[in-house]
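The values are calculated or read from the model by the stated rules, or taken from the named source; none is laboratory data. All of these numbers come straight from a predicted model, not from anything done at the bench. FYI the Cβ positions are ideal-geometry reconstructions off the backbone, even for glycines, and counts take in every protein chain you see. Accessible surface is based on the protein model in full, side chains and every heavy atom, while ligands, DNA and RNA are left aside. Shrake-Rupley method; radii C 1.70, N 1.55, O 1.52, S 1.80 Å.
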Amino acid sequence: MQSQDSLKDRIAAFRLSEQEYAFNFKDSVPPLTPVQAYIEASRCYYCYDAPCITACPTGIDIPGFIHRIFQKNVTGAAKAILDANPLGGMCARVCPTDILCEGACVRNTNEDKPVEIGALQRFATDAFLNSGKAYTDTVFQPQESTGFKVAIVGSGPAGLSCAHKLALKGHQIDLFESHPKLGGLNEYGLATYKTTEQFAQKEIDWLVSSKNIKVFLHTSIGKDVSLQQLLADYDAVFLGLGLGGVNSLTLLPPPGVLNAIDFISQLRQAVHPKTVKIGTQVVVIGGGMTAIDAAVQSKLLGADKVTIVYRKGKEQMPASPYEKSWAQKNDVHFKFWAAPSEFVCENNLLTGLRVIDTQNPSTQLSTNSQFIPADMILLAIGQNMLTSALGESIALDSGRIKVDVNGRTSHPKIWAGGDCCAGKLDLTVSAVQDGKLAAENIDKFLGQKL
């Protein structure tokens with residue numbers, strides 16, 4: 001049995017040197033140089049009926065923007081991307097391109113390497129946002145004011161996309177966000193190494209730079225403003241609420257068991273990663289992107305061993321093949337077909353997790369369990385929506401907002417998009433498309449009122 005002092009000391013900050021932190025939390029995928037981008041663009045076949053376009057939820061003209069890069073018209077490439085996907089810079093960093101556009105690339109048929117579409121998209125959008133043209137170019141300047149006002153609740157990818165598109169149409173947008181910063185999961189829920197140098201805020205600064213957008217931070221629906229008040233004050237309302245709740249286990253968590261989303265958010269908002277405490281043996285429960293992000297960053301913070309525990313097999317994990325490979329490259333271990341049965345503690349301090357074999361549920365518990373040492377456990381078992389602020393205003397489906405193909409809810413003045421809606425994919429790019437489609441439908445609705 002270990003002493004209480006030794007157990008306490010196992011969760012600590014400042015585990016690594018400055019050089020190690022800098023190396024571990026640098027950009028995980030370095031950007032292409034102009035020469036590299038030109039060479040990579042030359043590999044595109046510029047297919048007439050390009051499957052990569054169909055595979056992109058926002059329908060970016062991928063061969064078109066790549067051809068512009070090959071012609072060294074990088075600004076033109078960025079415009080083509082951002083017109084279809086206003087968060088094209090972030091999506092270039094976090095989209096599972098291996099199962100979307102790059103997974104559909106025809107070069108996969110006879111070669112083992114698709115065109116690096118994500119890297120090319122990042123090259124173009126980064127150049128545009130860094131050049132200053134984003135704030136002066138007439139392509140993204142708003143039309144004449146319509147006099148209509150739209151409330152956008154939530155500033156994640158869906159809310160930002162909807163706000164940007166409606167502002168360009170000439171509508172006045174009031175954007176409400178409960179957090180101190182805009183961005184939703186783009187700011188608070190992504191691994192630090194995926195979006196370095198405050199890129200999320202750089203992209204957001206451009207998105208909300210329109211004179212038609214006003215931002216209200218620290219403003220929560222149901223607390224600071226009611227849905228009924230928004231319906232009375234605005235011509236239309238868009239809800240991009242995300243998922244504010246976190247799923248929980250039936251087990252009562254002791255100290256040392258944290259929500260993975262909270263852990264990731266703490267690291268993203270830290271002045272320096274060295275200030276974030278981490279255990280020596282970390283277990284992450286879950287199998288999605290959040291589990292991978294939490295596990296890899298635990299290892300990068302200095303944990304000796306990190307293990308992902310998942311109740312099914314590797315092929316059933318929601319995380320993309322690239323993410324799973326990335327975790328393995330960073331020395332993350334996997335324990336498949338295992339479910340937590342007990343948090344093990346000594347003197348109220350966590351020492352491990354007992355799991356049972358989910359492939360053989362009929363086996364007696366006493367012979368079916370295994371102990372995994374852990375002084376920190378991160379729960380990445382999904383999120384749920386907090387619906388109390390919505391009241392009886394709109395219909396729900398399985399605890400999330402029910403919408404039609406245009407994002408319209410059961411209330412004629414309310415639209416919604418992103419994770420808060422039933423049947424949606426948990427992807428940034430899908431949320432962007434939700435916001436874009438809703439904006440088009442809201443604009444059509446408002447046009448009927450003229």
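Project the alpha carbons of segment 269-428 onto their principal axes and report the range along each, largest first, in whole Å.
That works out to 55, 48, 36 Å along the principal axes.
Over the heavy atoms of S298, what accessible area does a 1.4 Å probe trace out, to the nearest 10 Å²?
In the full protein context, S298 sits at about 0 Å².
Straight distance only, please: which aspartates and glutamates reach the Cα of K312 with their own Cα at less than 20 Å, same-chain residues fewer than 8 apart left out?
D293, E323, E342, D357, D426
Which pairs, out of K113/K169; K149/K424; K202/K277, put more than 30 Å between their alpha-carbon atoms? Mind dumping the intermediate values first?
Details: K113/K169 40 Å; K149/K424 27 Å; K202/K277 28 Å.
In this structure, K113/K169 lie more than 30 Å apart at Cα.
Please report the relative contact order for segment 309-450, taking Cα pairs under 8 Å with a sequence separation of at least 6, and give it as a percent rounded to a whole number. Intermediate results must be reported in sequence, preceding the final value.
Values: 166 pairs, mean separation 17.8, N = 142.
Reported as a whole number, the value is 13 percent.
Rounding to the nearest 20 debye, state how big the charge dipole of the chain is about its Cα centre with +1 on each Lys and Arg Cβ and -1 on each Asp and Glu Cβ. Don't jump to the answer; show the numbers that get you there.
On the way: 42 positive and 44 negative charges, 41 e Å.
With only Lys, Arg, Asp and Glu charged at Cβ, the dipole is about 200 debye.
Using a 1.4 Å probe on the protein heavy atoms only, what accessible surface does D419 show? Give it in Å² to the nearest 10.
Near enough 30 Å² of accessible area.
Could you sort L301, L217 by accessible area so the largest value comes first, with the probe set to 1.4 Å? It would help to have the intermediate numbers written out before the result.
Values: L301 0, L217 65 Å².
Heavy-atom accessible area, descending, gives L217, L301.
Report, in cubic angstrom per residue, the convex hull volume of the C-alpha atoms of segment 40-174.
Values: hull volume 15.4 nm³, N = 135.
For segment 40-174, the hull spanned by Cα atoms encloses 114 Å³ per residue.
Tell me the carbon and sulfur percent of the accessible area for the chain, rounded to whole percent, probe radius 1.4 Å.
On the way: 10420 of 20360 Å².
The C+S portion of the solvent-accessible surface of the chain is 51 percent.
Through the Karplus equation 6.51 cos²θ - 1.76 cosθ + 1.60, θ set to phi - 60°, convert the phi angles of segment 393-407 into ³J(HN,Hα) values in whole Hz; use x for Gly and Pro.
5, 9, 7, 10, 9, 6, x, 10, 6, 8, 10, 8, 5, 9, x
Which whole-Hz ³J(HN,Hα) couplings does segment 257-274 yield from phi under the Karplus relation 6.51 cos²θ - 1.76 cosθ + 1.60, θ = phi - 60°, glycine and proline marked x?
With the stated coefficients, segment 257-274 comes to 9, 10, 6, 4, 4, 5, 5, 5, 4, 4, 5, 5, 8, 5, 4, 8, x, 5 Hz.
Plugging the Kirkwood radius over Cα pairs into Stokes-Einstein for segment 210-343, at a temperature of 20 °C and a viscosity of 1.002 mPa s, what D comes out in µm²/s? Present the calculation step by step, with values, prior to reporting the outcome.
Details: Rh = 17.7 Å.
D = 121 µm²/s.
Under a point spin-label approximation (7 Å from Cα along Cα-to-Cβ), what is the Q228-D357 distance to one decimal in nm?
My value for the distance between the label points is 5.8 nm.
Per residue, how big is the convex hull of segment 25-94 when only Cα atoms are used? Give it in Å³.
On the way: hull volume 6.9 nm³, N = 70.
Dividing the Cα hull volume of segment 25-94 by its residue count gives 99 Å³.
³J(HN,Hα) across segment 206-213 via Karplus (A = 6.51, B = -1.76, C = 1.60, θ = phi - 60°), whole Hz, x for Gly/Pro?
Listing the rounded values in order: 5, 4, 9, 6, 4, 5, 8, 10 Hz.
Output the relative contact order of the chain, whole-number percent, from Cα pairs under 8 angstrom with separation of 6+ residues.
Working: 882 pairs, mean separation 81.2, N = 450.
Relative contact order for the chain comes out at 18 percent.
Check which residues have an amide H placed less than 5 Å from V284's amide H, if you skip close sequence neighbours.
Long-range HN contacts for V284: T307, I308, V309, L378.
Can you compute the helix-only [θ] at 222 nm over the chain? Use -39500 (n - 2.57) per DSSP H run of at least 4 residues, normalise by all residues, nearest 500 deg cm²/dmol.
Details: 19 runs with 162 residues, N = 450.
Calculated from helices alone, the mean residue ellipticity at 222 nm is -10000 deg cm²/dmol.
List the residues whose amide H sits under 5 Å from the amide H of V257, counting only those 5 or more places along or on another chain, with H placed 1.01 Å from N in the peptide plane.
Those lying under 5 Å, H to H, from V257 are I377.
Taking H as built 1.01 Å from N, whose amide H comes closer than 5 Å to the amide H of V344, not counting residues under 5 places away?
T351, G352, L353, R354
To the nearest 20 debye, what is the magnitude of the charge dipole of segment 47-102 about its Cα centre, counting +1 on the Cβ of each Lys and Arg and -1 on the Cβ of each Asp and Glu? Display every interim value, and only then the final one.
Values: 4 positive and 5 negative charges, 56 e Å.
The dipole magnitude comes to about 280 debye.
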